1. Being assigned to a helix (DSSP H, G or I), at pLDDT 85 or above and surrounded by 14 or more Cβ atoms within 10 Å (Cβ to Cβ): is that true of LEU77 here?
2. Does THR68 satisfy being modelled with pLDDT of 90 or more and under 18 Å from PRO39 (Cα atoms)?
3. ALA99: more than 29 Å from LYS55 (Cβ to Cβ) and either touching a residue at least 40 places away in the same chain (Cβ under 8 Å) or assigned to a helix (DSSP H, G or I) (or both), yes or no?
4. For the list (1) surrounded by fewer than 11 Cβ atoms within 10 Å (Cβ to Cβ); (2) at pLDDT 90 or above; (3) outside any helix (DSSP H, G or I), I need the number of the one condition that PRO121 fails.
5. In the set VAL112, VAL86, VAL101, VAL93, which member is under 20 Å from LEU142 (Cβ atoms), loosely packed, with under 12 Cβ neighbours inside 10 Å and of a type outside the set (D, E, K, R)?
Amino acid sequence: MGGRVTQPNPRRWPSVGVHVLAGQVLNARDKFGPMMWAPIANNIISILVLMVMEKVRDIGVLLAMGATHQGIRRIFLLQGLIIAAVGTLAGIVLGVALAWVLDRYHLISLPVDVYFIPYVPFHIRPLDVLMVALLTVGVSFLATLYPAWRAARLDPSEALRYE
């Protein structure tokens with residue numbers, strides 16, 4: 001118990017405040033992160049299921065002409081991955097640009113009498129950007145599995161009969 005007690009150094013307060021603020025943001029991300037991915041996956045699933053429903057006749061024609069169920073599945077998996085890649089790329093470009101502008105021009109200011117820093121700093125970390133991109137494409141790929149499976153199991157005669 002005989003440890004030495006030191007006085008807080010006011011010069012270190014801004015850096016301590018930034019770390020505390022960053023820790024609170026990271027805790028919120030860990031708690032609410034999984035809830036963020038559910039709407040993303042739901043949107044991709046609904047878009048591709050609707051596309052399967054619209055393309056029933058085309059899928060039936062392809063199957064009647066000799067396309068394999070595996071080929072139909074690959075078409076929809078590829079389409080889902082293309083949607084994911086384009087969306088991820090657009091999100092990364094817009095997100096990085098917005099974070100750069102907000103950090104460069106200090107657009108979000110904080111009251112100095114309450115916080116130790118005058119503005120909210122934004123730091124773009126390439127590893128975070130890469131992790132978000134990989135997770136987004138991975139969730140999107142998982143979301144494409146059901147619509148691709150549904151498209152691949154269509155019976156060509158049933159698909160052409162009612163269209």
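The values are calculated or read from the model by the stated rules, or taken from the named source; none is laboratory data. Quick caveat, the model's predicted, so the values are computed rather than measured. Virtual Cβ from ideal backbone geometry, glycine too; neighbours counted across all protein chains shown.
1. Details: assigned to a helix (DSSP H, G or I): yes; at pLDDT 85 or above: yes; surrounded by 14 or more Cβ atoms within 10 Å (Cβ to Cβ): yes.
Spelling it out, LEU77 is indeed assigned to a helix (DSSP H, G or I), at pLDDT 85 or above and surrounded by 14 or more Cβ atoms within 10 Å (Cβ to Cβ).
2. Criteria not met by THR68.
3. Numbers: more than 29 Å from LYS55 (Cβ to Cβ): yes; either touching a residue at least 40 places away in the same chain (Cβ under 8 Å) or assigned to a helix (DSSP H, G or I) (or both): yes.
The answer is yes for ALA99.
4. So the condition that PRO121 fails would be (1).
5. Result: VAL86 is the single residue among VAL112, VAL86, VAL101, VAL93 that is under 20 Å from LEU142 (Cβ atoms), loosely packed, with under 12 Cβ neighbours inside 10 Å and of a type outside the set (D, E, K, R).
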